[in-house]
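The values are calculated or read from the model by the stated rules, or taken from the named source; none is laboratory data. Keep in mind that this is a model prediction, so the values were computed, not measured. Because the Cβ atoms are built from the backbone with ideal geometry, glycine has one as well, and the counts that use them run over all protein chains shown. Note: accessible area is taken over every heavy atom of the protein model, side chains too, but ligands, DNA and RNA are not part of it. Shrake-Rupley method; radii C 1.70, N 1.55, O 1.52, S 1.80 Å.
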Amino acid sequence: MHHFHYRNGILHAEDVDLARLVADTGTPAYVYSSATLERHMRVFRAAFAPLPVDIFYAMKANGNLSVLRTVARLGGGVDVVSEGEIRKALAAGVPAERIVFSGVGKSDGELHYAVSRNIQQINVETPGELYRLSAIAGALRRSVNTVLRINPAIGAGAHAKITTGDESNKFGISHADALRLYGEGTRLPGILMRGFAVHIGSQIFDLDQPEEAFGRLVELVRAARAAGYNVTHLDLGGGLGVHYDAREAGSEDEGRVKTYAAMVRRVTHGLDVHLGFEPGRVIIANAGILLARVVALNVRAERTFVVLDAGMNDLVRPAMYDAHHDIWPLQQHSDAARQPYDVVGPICESSDSFAVQRLLPPLEIGAFVAFMSAGAYGASMSSTYNQRLLVPEILVDGPRYAVIRPRQTYEELIGLDRLAPWLTEG
Ligand code: LLP
């Protein structure tokens, strides 16, 4: 269940009237619901109870400091994939012992930073990374909890671009090499081999592939133990899908989390390992929306384009993955008068399209709309393409709201660049 609903004909986020909010903050703007975020964290944890699982929220989905602080206050950790994410997680107050570091291309500098800050666990993805990590940890006289991320040759997910577990994907150590490398790891200075990790894709609905992939990991744990190695941790990644049909989002998503947890319990039954997860989308997608305003209508004989002030630089998912986001008008309308619109942004390329022939109530210039389920991979993937300003993010909590990232200013945008000295002469 999410906390965006109509009250007196106006879309609200929790108790905040979004028509009032946009008068204050302008558009485009992301709005997040604390209650929804908190609920998703609780639902995820409760689904595994009484198993004490670790939730490492995948902050690539949404790395705003206030979102991270909310997650941390609920006892969550984070999954990070860069030094920037580590720094941001620490700045938000996530303790180092609740941070796991994933990623296929960690640089020496990033590994050095992670080890020096005592990050809880490093998920190693290539043999070379294991040796580099050992050298770095050895030089710092530290010992690092290490797990091997396995490529199980089982991919899953809603789109080829977000599948990660397939043999053709760049991620992870091949299953066939895993045991040998694990053994080598146990003999390397600075390395404490703890277990295995897997993440096979994103926006997963069919649980058959995760079940098979987790089964492979369980086999690996048994094989490693049979070879005399200690295995204490399994990191089962993220990937669980959500409903992008915002009316349906909620109870069914909760049901899916429970089914997923039951599957995990079945597959790992009796294994005696500590389980960790890296959910991103399922925690934050339905906790956020992107508000936009109609700036132009291009009415042509065969179709009408409704042009918004939000573009693909603000929300790239439709352009990049053909993703569907529900579009709700801020002002509630009856469904009866709906008509087809092509909903587009102002960016100068045709991929800047959010929806084709989408049935929406009559929209006029100045009307506001909300892209639903935009909390994950929305703001975090935004850019300044076309020299457009990064849009604000706003966090709602009951009747109150706060700007948790102000709209970028043109001074800040221009200030990012420098003139080469020879261009300033004469
Ligand atoms: N762990 C690892 C190692 C990952 O690579 C990812 C996502 C996650 C966890 C979190 O997955 P989630 O629970 O959010 O599915 N930008 C795309 C999604 C890319 C996902 C990348 N990896 C989108 O907008 O659909």
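May I ask you to list the residues of the range 125-150 whose amide nitrogen lies under 17 Å from a point 7 Å from Cα along the Cα→beta-carbon direction of ARG187?
Correct set: 127-128, 130-132, 134-135.
Between the range 16-46 and the range 216-277, how far is it from one alpha carbon centroid to the other, in angstrom?
28 Å
Could you tell me the center-to-center distance, by alpha carbons, between the range 351-426 and the range 61-137 in angstrom?
27 Å
Have a look at TYR341, TYR57, TYR377 and tell me which one the Gaussian network model of the chain (Cα, springs below 10 Å) gives the largest fluctuation.
Result: TYR341 has the largest fluctuation of those listed.
What FRET efficiency comes out for LEU74 versus ARG20 if R0 is 25 angstrom and r is the Cβ-Cβ distance? Round to the nearest 0.05. Present the calculation step by step, with values, prior to reporting the outcome.
Numbers: r = 28 Å, r/R0 = 1.13.
Here the calculated transfer efficiency is 0.30.
Would you kindly state how much longer the chain becomes between MET1 and ASP206 on full extension, computed as 0.36 nm times their sequence separation minus their alpha carbon distance, in nm to one decimal? Numbers along the way, then the final one.
Values: separation 205, 0.36 × 205 = 73.80 nm, distance 2.08 nm.
Taking MET1 through ASP206 to full extension adds about 71.7 nm, to one decimal.
With an 8 Å cut-off on Cα pairs and a minimum separation of 6 or more residues, tell me the relative contact order of the chain in percent. Please report the intermediate quantities before stating the final value.
Details: 929 pairs, mean separation 81.6, N = 426.
In percent, rounded to a whole number, it is 19.
For the modelled label position 7 Å from the Cα of LYS258 along Cα-to-Cβ, which residues of the range 20-57 have backbone nitrogen atoms closer than 18 Å?
39-51
Given the options ALA420, HIS12, PHE171, identify the residue whose Cα lies farthest towards the positive end of the charge dipole of the chain (+1 on Cβ of Lys, Arg; -1 on Cβ of Asp, Glu).
Result: PHE171.
I need the phi-derived Karplus couplings for the range 6-22: 6.51 cos²θ - 1.76 cosθ + 1.60, θ = phi - 60°, integer Hz, Gly and Pro marked x.
8, 9, 6, x, 10, 5, 10, 10, 6, 9, 9, 6, 6, 5, 5, 4, 5
Using 0.36 nm per residue, how much length does the chain from LEU416 to TYR131 gain when fully extended, once their Cα-Cα distance is taken away?
Details: separation 285, 0.36 × 285 = 102.60 nm, distance 3.68 nm.
Net length gain for the segment: 98.9 nm.
Tell me, what is the 1.4 Å probe accessible area of PHE205, in Å² to the nearest 10?
90 Å²
Simple spin-label model, 7 Å along Cα-to-Cβ: ALA226 to GLU97 in nm?
According to this spin-label approximation, the distance is 3.5 nm.
Taking the mean number of other Cβ atoms within 10 Å as a proxy for protection, how do you rank 25-38, 347-360 from highest to lowest? Write out the running numbers ahead of the final one.
Details: 25-38: 23.1, 347-360: 15.4.
Averaged packing, sorted descending, gives the order 25-38, 347-360.
Determine the share of the range 312-426's accessible area contributed by carbon and sulfur atoms, expressed in whole percent, with a 1.4 angstrom probe.
Carbon and sulfur: 57 percent of the exposed surface of the range 312-426.
Sequence neighbours fewer than 8 away in the same chain don't count; with that in mind, list the lysines whose C-alpha is under 25 Å from LYS258.
The reachable lysines, counting only those whose Cα sits under 25 Å from LYS258, are LYS60.
Report the extension gain between ALA402 and ARG142 in nm, rounded to one decimal, defined as 0.36 nm multiplied by the number of residues separating them, less their alpha carbon distance.
Extra length available between ALA402 and ARG142 comes to 89.5 nm.
Out of the range 287-347, which trypsin sites (Lys or Arg not before Pro) are coil in DSSP terms and have no more than 14 other C-beta atoms within 10 Å? Walk me through the numbers on the way to the answer.
Details: sites: ARG293, ARG300, ARG303, ARG338; in loops: ARG300, ARG303, ARG338.
Listed in order of number, the matching sites are ARG300, ARG303, ARG338.
Suppose all protein chains stay in the model; what accessible area per residue would a 1.4 Å probe give for the chain, in Å²? The partial results should precede the final answer.
Details: 18160 Å² over 426 residues.
The answer is 43 Å² per residue.
Please list, in order, the residues from the range 266-305 whose amide nitrogen is less than 18 Å from a point placed 7 Å along the Cα→Cβ vector of THR384.
Under cut-off, by backbone N: nothing.
Taking the mean number of other Cβ atoms within 10 Å as a proxy for protection, how do you rank 186-192, 223-229, 64-70 from highest to lowest? Can you show the working numbers first?
Values: 186-192: 15.7, 223-229: 13.4, 64-70: 20.9.
Highest mean packing first, the order is 64-70, 186-192, 223-229.
Could you tell me what percent of the accessible area of the range 34-283 is made up of carbon and sulfur, with a 1.4 Å probe and every protein chain present? If you can, show how the numbers build up before the last one.
On the way: 4870 of 9780 Å².
Looking at the range 34-283 in its full context, I get 50 percent from C and S.
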